[in-house]
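Contents: one structure, followed by commentary.
Where a number appears in this text, it was derived from the coordinates with a stated rule and is not lab data. Computed from a predicted structure; not experimentally measured. Every residue, glycine among them, receives a Cβ derived from its backbone with ideal geometry; neighbour counts consider all protein chains shown.
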Amino acid sequence: MRVLIIGSGGREHALAWAIMKSPLLTKLYVAPGNPGTARIAENVPLRAMDIPAIVKFAVEQRLDLVVPGPEAPLVAGIADALAEVGIACFGPSAAAAQLEGSKIFTKQVADAAGIPTAHWKKFTDADAAHAYLDEVGAPIVIKADGLAAGKGVVVAAELDEAHEAVTAIMEDKIHGAAGASVVIEQCLVGEEISVFALCDGEEALFFGAAADHKRVGEGDTGPNTGGMGAIFNPPWATQDIIQRSMEEVVRPALKEMARRGTPYRGFLFAGLMVEEDGPKLIEFNVRFGDPECETVLPMLNSDLLAALKAAVQGELGSVEPAWRPGSSATVVMCAKGYPGAYATGSEIFGLDEASDLPGVLIFHAGTMAEQGGILANGGRVLAVNALGTDLREALSRAYAAIDRLDWEDGFCRRDIGWRALLELDRFELNRGATQLGK
């Protein structure tokens, strides 16, 4: 198969790494790619949002499959444009991609499908939004309706913070047109998980779970980011919770989308809050998460490309993903200043030495190559993944790799997985007490 991956981040590097292992693959392109993908595939100088140029390239190169990484080209209609020229795309139509393109649309689908989610209201008028906040108080969640690169959600612990968020989004327009409407919803309390599914329009196949770490600061403090790290299958992603997530959230959404005449195909990412009475939907995303992708795919022990091919052909029933034993953890290295203003152009040393450590994979997220060196070229710059027999070993290996890197302008969180480790410690403590009591 001749395949094109669209995107330039760590997620796309991980997708390329996984697809390259497939015996079905004959040629792999990445547009525009990064220095990491350049080592294993052919980068193509096409922007992810230049849909006409991508379609032209797909036709000229007789591609069999296009795999968009980020959400923006999907919301803009890349799957529809490719379908018009007879080329398969593993991703939803523009109509179906509104599951991420509009928070209001997602809430409407959830209500119609009976999916458990937070009580919510939509606002197009800032004064009305402020008045509602005074009525309900805090904690409260404010979401820009449209795409905001993962930074359009504010979980406000205090009422002043909530009012500031509405002002910034709706009046100051910090997210542009994405903030013309907002969703204000109750604050769910529990542990978050990201549940992934492969969808072919009718069927949904569970494809891993992870816990992202969205806040920039340790202890989950500071502003939201695109993701500072992730762990595979956190302790609260029990078999029962995963089964309920698929049966109560993912499959009802798929059924409702088909009922609306917009069947959903592609990766479906359900962001969930696990509360005492079960999982509740926070949001849907219409692509693999980042850095969850870099955390989940290293655990996959079967052919990703074969699974994607089956999905676009409507044959998901023939797919049974196989997973490695053990655990996986990813720590994201960022440029100092992120998620605010940051500098680019600083050189990163020690990448090969760090990559040679046992169980370590380093995915490029925001880098560029210059005169034989690798320079930082983004906010999130590297996704350092490691596998281990358990979570502690995976995290230890990831941080050991980071300690081999020499990058003065970089930083990372040093507490990725901290909630999961506390949960595991409590489990071990309770098990030990039970055994002593026998």
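Among His175, His13, His213, the order by Cβ neighbours within 10 angstrom, fewest to most, reads His175, His213, His13. With contributions of -39500 (n - 2.57) from each DSSP H run of at least four residues, the per-residue ellipticity at 222 nm computed over the chain stands at -8500 deg cm²/dmol. Using the Karplus relation 6.51 cos²θ - 1.76 cosθ + 1.60 with θ = phi - 60°, the per-residue 3J(HN,Hα) values for segment 23-36 come to x, 6, 7, 10, 7, 10, 10, 9, 10, x, x, 8, x, x Hz, with x marking Gly and Pro.
Under 10 Å, Cα contacts only: if you run a Gaussian network model on the chain, which one of Ala131, Ala401, Ala253 comes out with the highest mean-square fluctuation? Comparing Ala131, Ala401, Ala253 in the GNM, the peak value goes to Ala131. As a proxy for reagent exposure, ranking Val44, Val195 by other Cβ atoms within 10 Å from fewest up yields Val44, Val195. 3J(HN,Hα) along segment 78-94: 4, 5, 5, 5, 5, 4, 5, 10, x, 10, 5, 10, 8, x, x, 5, 4 Hz, from the Karplus curve 6.51 cos²θ - 1.76 cosθ + 1.60 with θ = phi - 60°, whole Hz, x for Gly and Pro.
Backbone amide hydrogens, once placed in the peptide plane, bring Ala76 within less than 5 Å of nothing, excluding anything fewer than 5 places away on its chain. Taking amide H atoms as placed 1.01 Å from N in the peptide plane, the amide H of Asp409 has no partner under 5 Å among residues 5 or more positions away or on other chains.
Among Ile169, Ile374, the order by Cβ neighbours within 10 angstrom, fewest to most, reads Ile374, Ile169. In this structure the amide hydrogen of Gly33, modeled in the peptide plane, comes within under 5 Å of the amide hydrogens of Gly7, Ser8, none closer than 5 places in sequence on its chain. Under the definition of Cα pairs under 8 Å and six or more residues apart, what whole-number percent is the relative contact order of the chain? Computed value for the chain: 16 percent relative contact order.
Derived scalar couplings between HN and Hα for segment 204-213 equal 10, 10, 4, 9, x, 9, 8, 10, 8, 10 Hz in order, rounded to whole Hz, by the Karplus curve 6.51 cos²θ - 1.76 cosθ + 1.60 (θ = phi - 60°), x for Gly and Pro.
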